[in-house]
Structure formats: C-alpha cells, structure tokens
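The values are calculated or read from the model by the stated rules, or taken from the named source; none is laboratory data. For clarity, every value in this text was computed on a predicted model and none was experimentally measured. All Cβ positions, even for glycine, are placed from backbone atoms using ideal geometry, and neighbour counts span all protein chains on display.
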Amino acid sequence: MLKRFFLLCSGVDKDLIAGCSNGEQNKYAGIGATVFFTAFMAFLAGSYALFTVFDNYYIATAFGLVWGLLIFNLDRFIVSTLKKRDSFLDEFIQASPRIALALIIAIVISKPLEIKIFEKEINTVILKEKNDMALANKTQVANLYKSDVDQNQAAMDSVKQSITTKEKEVAALYQAYITEAEGTAGTKKMGKGPIYKEKRAAYDRAAVELDSLKKVSAATLSEREARAKSLQADVDKKVSETQPVIDGFDGLMARINALGKLPFLPSFFIMLLFLAIETAPVIAKLLSPKGEYDFKLEDQEMALKTVLEQNRYQSSLQQQTDAAIYDRVYADLREDQALYDYKRKGARELLQLQADGFVAQQKKVLK
C-alpha cells in the first residue's frame, strides 16, 4: 500500500508501471517518496513561518497544508513531465527552470526553520535591540519635553540663585556689623557706636528681606517642583504607552533581520541542506538510468505520434482531393448557360430596384 502511494506521488502511469519489474517499480517509488518528504518539509516550514506571524495554530496549519500541497503538486508535475533522453545535457536543460525555482523555494522554506533552530541566539539579538530601542525611545520622548523641562528648571534655578545672592548679602552685612563691634574692621573702634548701629540696621533690613524672599520663593519653588513632577509623569506615561510596541518587536521580519546578524556559515549550510532536499526529486530523476518504464512510455508515445502523423497526412490528402474536385465542379459550372441566364436575370432585377429607389429618394429631396 505504501509502495502504491509513493508510485502515485511520482506521477507515473499506473498501468505502465504495473507491467514493469519490481526493481523498476522500487526506483519510481523512491522518487515518489522524495517528492512526498520534500512537500512534508515545506508543510513544516510554511506552518512555522505563519505561526511566527499570526501566533495561531489553526491559521499556521492551514497555510502550511496549502503550501505543502503546492510544492507536492509542483514537484510531482515536474518529475512526471521530465522525460529521459539520450543526452544528460538535454535532460539538465529541461530541468534547469525547476532547479532555479528550487533555489528560490529552498531559501523561502529554510528561513523559518533557521529561525527556529537559532531561536535562542535570535532572542539574544532581539533582546539587545529591544533594550537599545527602549533607551532610544526614552531619549526621544525626553527630547519632546526638553524645552518645557529646561524652561521650568531655569525658573527654579533663577529663584534659588536670587535666594543665594541675598543670603550672601545678609552674611556679608552680618560679618560687617560683628567686626565693627569687635573693632577688627571698619572704624576699628570696639563698641556699639553709630557706625555699628547703621550696619546692624542694614543687616536687620536685609534679614527681613531675605525672610520675605524665602516665603515668596517657597511658593514659586513648590509650584515649579510640582510642574517638574508633572512633566516627568508625562514623560513616563509616554514611554509606558510606546513600550508595548517595543515589546512586540519580535515578528517574522525582526527575526529574519536578527538571523542576518548571526554568523553566515551555519545559516548558509542549512540553506544548502534545504536546497538539496528541494531539488532532490529532480536530481533523483536526472540521475536515475533509463529503464523499462521509460522505454515503454517512449514506445507508447511513439505509437501515438505515428497515429497522429498518419491522421494528419490523411487529412491533408483529403483536403487536397476535395479542393481538386471542387475546382473541377466550379469550372464546369462556369460554362453552364442556364446558370448564367438565371444569375443575369437576378442581377437585372436588382439594378432596376436600385434605380427606382434612387429616383424616389431624389423626388423627396426636390419636394
């Protein structure tokens, strides 16, 4: 039963192969098995490729089945129509379009399985890319709010600078009236004289102004700090909104690009393996010797070709004979006086009707 199934896969004529030897049947059963397993590998590759896109077993399986059947039908058609010839070069030229197509198909069906084989390495590359994208995304979002953040920070720095300046002024005034009292600076007279009182009054005024400035600046700083927290919250919200896009960056195209960043040779050898698998049906047919089935098929085609050529020759003779007969018939009719008189009468009646019609038309125009 399995042998009959593989013979069906090879596309041979079941009536012709049934009359061949067991060895000949086994040869074509092997070719059919190659066709079947090539289609099965295409089914697996196509299913996995669609699973990485849709993440759905049913859709992936359905597409893989269609893809496998497509490859199966294509290989079976090529193998069944690839006729054994006396020259290997002629056979190779006949199979060259299929080999070129096999190269394309091998690349297509090998990529999904390469992605599965190197899944861990690809995940590492994708993780690094996601981290880079996350950092770049944070930088980009921060740049969107940079103007507002810088403006708010500049306002806070200005308020803090004014407080610092005032504090330095108060500290200087404090130092001035203390040293005046100690007699180490200013008039260098110890005691609390008029100059001391002036400096102390200046310090007291500056201290009051500093306290007032701090009270006013505290409200401003509180407002600016709240604004800074709000801007940071906006940045964090924007980053969190865009993060799912980065987290979802692991589709088929991303994995193919990540695969391209891995060493070339392992991927290349896997592609060569699938190229060998995909071209196996054609190669098996090319390398197989011309056998009993091929001779029987050639004999059957030759018999059909002979019948067709005979029919074509007989049709040509019949056409030539009919043409000669009709030439003689019309030559005889050309000399028939009765037929001439009959056609002459009809032509005269037609001319009279045309003349009458022309006259009637002209009368209508003149009226």
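Yes or no, residue by residue, for (1) surrounded by fewer than 13 Cβ atoms within 10 Å (Cβ to Cβ); (2) hydroxyl-bearing (Ser, Thr, Tyr); (3) not assigned by TED's automatic domain parsing to the domain that holds Phe274:
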site: Ile59; (1), (2), (3): no, no, no
site: Ala62; (1), (2), (3): no, no, no
site: Ile71; (1), (2), (3): no, no, no
site: Thr81; (1), (2), (3): yes, yes, no
site: Ile93; (1), (2), (3): yes, no, no
site: Ser96; (1), (2), (3): yes, yes, no
site: Ala102; (1), (2), (3): no, no, no
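In region 48-82, which residues are within 25 Å of Pro97 (Cβ to Cβ) and assigned to a loop (DSSP other than H, G, I, E, B)? The one that is within 25 Å of Pro97 (Cβ to Cβ) and assigned to a loop (DSSP other than H, G, I, E, B): Leu82.
This table checks each residue for (1) over 30 Å from Asn143 (Cβ atoms); (2) surrounded by fewer than 13 Cβ atoms within 10 Å (Cβ to Cβ); (3) at pLDDT below 75; (4) not β-branched (Val, Ile, Thr).
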position	(1), (2), (3), (4)
Glu167	yes, no, no, yes
Ala176	yes, no, yes, yes
Gly183	yes, no, yes, yes
Ala201	yes, yes, no, yes
Lys214	yes, no, no, yes
Ser230	no, yes, no, yes
Ala233	no, yes, no, yes
Lys237	no, yes, no, yes
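Assessment of region 24-40 against the conditions (among the acidic types (Asp, Glu) and either touching a Phe, Trp or Tyr at 6+ places or on another chain (Cβ under 8 Å) or more than 30 Å from Asp250 (Cα to Cα) (or both)) yields at least one matching residue.
Residues that are crowded, with 16+ Cβ neighbours inside 10 Å and under 23 Å from the mean Cα position of the chain (by Cα) are absent from region 6-20. The one condition from (1) touching a Ser or Thr at 6+ places or on another chain (Cβ under 8 Å); (2) acidic (Asp, Glu); (3) exposed (fewer than 11 other Cβ atoms within 10 Å of the Cβ) that Glu309 does not meet is (1). Among residues of region 228-246 that are free of Cβ contacts under 8 Å to residues at least 60 places away in the same chain and farther than 16 Å from Asn131 by Cβ, none has a beta-carbon under 8 Å from a residue that is among the hydroxyl-bearing types (Ser, Thr, Tyr) and outside any helix (DSSP H, G or I) at least six positions away or on a different chain. When Glu278, Glu241 are checked against the criterion of being assigned to a helix (DSSP H, G or I) and closer than 20 Å to Ala33 by Cα, Glu278 stands alone in meeting it.
If I filter region 289-301 for residues that are closer than 30 Å to Pro97 by Cβ, aromatic (Phe, Trp, Tyr) and surrounded by 12 or more Cβ atoms within 10 Å (Cβ to Cβ), do I get at least one hit? The answer is yes, given that some residue of region 289-301 is closer than 30 Å to Pro97 by Cβ, aromatic (Phe, Trp, Tyr) and surrounded by 12 or more Cβ atoms within 10 Å (Cβ to Cβ). Got a sec? Which of Leu101, Leu74 is of a type in the set (A, V, I, L, M) and either modelled with pLDDT under 80 or over 20 Å from Ser288 (Cα atoms) (or both)? Answer to the check: Leu101.
Restricting region 38-68 to residues that are without any contact (Cβ under 8 Å) to a residue 60 or more places away in the chain and within 28 Å of Leu287 (Cβ to Cβ), the residue that is nearest to the chain's Cα centre (by Cα) is Trp67. A residue that is at pLDDT 80 or above and more than 30 Å from Ala29 (Cα to Cα) can be found somewhere in region 296-307. Would you call Lys120 surrounded by 15 or more Cβ atoms within 10 Å (Cβ to Cβ), in a helix (DSSP H, G or I) and modelled with pLDDT of 75 or more? No.
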